[in-house]
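Below is one structure, written out as C-alpha cells; comments come after it.
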Amino acid sequence: MGNCCGKRKDYKHVKTDETEVADLENMEQSQSVSPQQRLEFVIEEELVNEDTVHLEPPALLKTEHIPDPDDTTDFPFFRDQKTINHIQKSQTMFIMRGPSGCGKSSLVRKIESIYRSAVVCSADDYFMGEDGQYEFDSSHLSYAHKDCQDKAKAACSHGNRVVVIDNTNIKRWEMKPYIETAKTHQYVVIMLEPRTKWRYDAEELAKRNSHGVKADDIRKKIKDFQECAPYYFGWFLTVSDSLHLKDIAKDCLIECVKNYPDIRDKMFPKIESLAGKSLAQHKSL
C-alpha cells in the first residue's frame with residue numbers, strides 16, 4: 001500500500017541553502033563527480049534539509065513489526081493506520097470464530113471502538129430480554145440464526161462499511177449464508193479467531209464464558225471446529241475506486257469509438273449487441 005522508497009522527488013527542484021551549494025561545488029572541484037554521485041548528494045541533502053518537503057522514511061529503514069505473543073489484539077486492522085483507513089472506506093465483513101469464552105467479544109468491542117459505524121450481528125441478541133437478561137432457549141435456535149442472517153443482509157444492503165458476525169461459527173456451513181451475503185454485496189470477508197492462550201482449553205473456557213456453557217459442551221465444539229483456508233490472498237480495491245476505474249475505461253472506450261473509425265466499425269456492432277442500444281442512446285456504454 002505504501003511506496004517502498006518514499007515519495008518520489010525531482011532532484012532539480014530540491015531547495016538548498018548557500019552552505020549546501022558550496023559543499024557541492026567543493027566536492028566537484030576536488031574530484032571528478034559523476035552524475036550518479038551528484039544525484040545521491042542532492043537526495044541526501046533533501047532528506048536532512050528541514051526547508052524541503054518532508055519525505056516518508058524509506059520502508060526498508062522502518063522497524064519491522066514484531067508480534068507480541070501476549071497481545072491478543074495484535075492484528076493489522078487494529079494497529080496499522082493505512083489498513084484502518086482502507087477498511088473505513090471499503091466494505092468489510094468480519095466473521096468471528098471460536099468457542100464460547102475464547103475472547104470473541106473482546107475483539108468485537110475493539111472493532112467497534114475503531115470502526116464506530118460497525119454493525120454487529122449476533123444470534124445471542126435474539127435471547128436477550130427487554131431487561132437485558134440472557135435467556136437461551138435451544139428450541140428457538142434456528143429462529144435466532146435466521147434473525148442474525150437477516151440483520152446481516154440488511155446491513156450489507158444498506159452499505160455499512162463494517163459488518164461483524166459475532167457467533168461461534170464452528171463449522172463451515174454455519175458461515176455459508178454470511179459469505180454468500182458478502183459476495184452478493186461485494187464485501188471482503190475477514191475470518192477472525194482470538195489468539196488467547198486458553199482458546200482450546202475447555203475448562204478455562206467454561207469459567208470465562210458469560211452464558212454458562214459447560215466444559216463438556218465446549219469440548220465438543222473444540223473437537224468439531226473446522227479449519228478454513230482461503231483460496232487466495234490479495235489487496236482489493238475499494239468499491240469507489242473500482243467504480244472510478246470502470247468510469248475511466250468507459251470514457252476511454254467512448255473516445256476511441258468517436259475518434260477512430262476503424263475501432264468504431266469493428267467494435268460498434270459488438271457494443272450495440274451487448275448494450276442493446278446505439279452509442280447515441282447509451283453514451284455511458
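The values are calculated or read from the model by the stated rules, or taken from the named source; none is laboratory data. Here the structure is a predicted model, which is why all the values come from computation and not from measurement. A quick note on method: Cβ atoms are made from the backbone with ideal geometry, for glycine too, and the neighbour counts reach across all protein chains shown.
Brief remarks follow.
- Any chance Lys207 is at pLDDT 90 or above, surrounded by fewer than 14 Cβ atoms within 10 Å (Cβ to Cβ), over 27 Å from Lys176 (Cβ atoms) and under 23 Å from the mean Cα position of the chain (by Cα): no
- Answer residue from region 213-237, given it is of a type in the set (Val, Ile, Thr) and outside any loop (DSSP other than H, G, I, E, B) and is farthest from Thr92 (Cα to Cα) among those: Ile218
- Count of residues meeting criterion [hydrophobic (A, V, I, L, M, F, W, C), surrounded by 17 or more Cβ atoms within 10 Å (Cβ to Cβ) and over 24 Å from the mean Cα position of the chain (by Cα)] in region 179-204: 1
- Of all residues in region 159-200, exactly one satisfies the criterion of being without any contact (Cβ under 8 Å) to a residue 12 or more places away in the chain and assigned to a loop (DSSP other than H, G, I, E, B), namely Lys197.
- Some residue of region 140-150 being part of a loop (DSSP other than H, G, I, E, B) and surrounded by 13 or more Cβ atoms within 10 Å (Cβ to Cβ): no
- Considered as a group, the residues in region 213-239 that are exposed (fewer than 11 other Cβ atoms within 10 Å of the Cβ) and within 28 Å of the chain's Cα centre (by Cα) include one that is nearest to Asn169 (Cα to Cα), and that residue is Glu227.
- The lone exception for Lys176 - which of (1) surrounded by fewer than 15 Cβ atoms within 10 Å (Cβ to Cβ); (2) within 19 Å of the chain's Cα centre (by Cα); (3) more than 22 Å from Gly103 (Cα to Cα) it fails: (2)
- Residue check for Phe136: in the same structural domain as Gln186 (by the TED database), among the hydrophobic types (A, V, I, L, M, F, W, C) and either surrounded by fewer than 21 Cβ atoms within 10 Å (Cβ to Cβ) or part of a loop (DSSP other than H, G, I, E, B) (or both): yes
- Residue count for region 77-106, restricted to those that are part of a loop (DSSP other than H, G, I, E, B) and either outside the structural domain of Lys221 (by the TED database) or crowded, with 21+ Cβ neighbours inside 10 Å (or both): 5.
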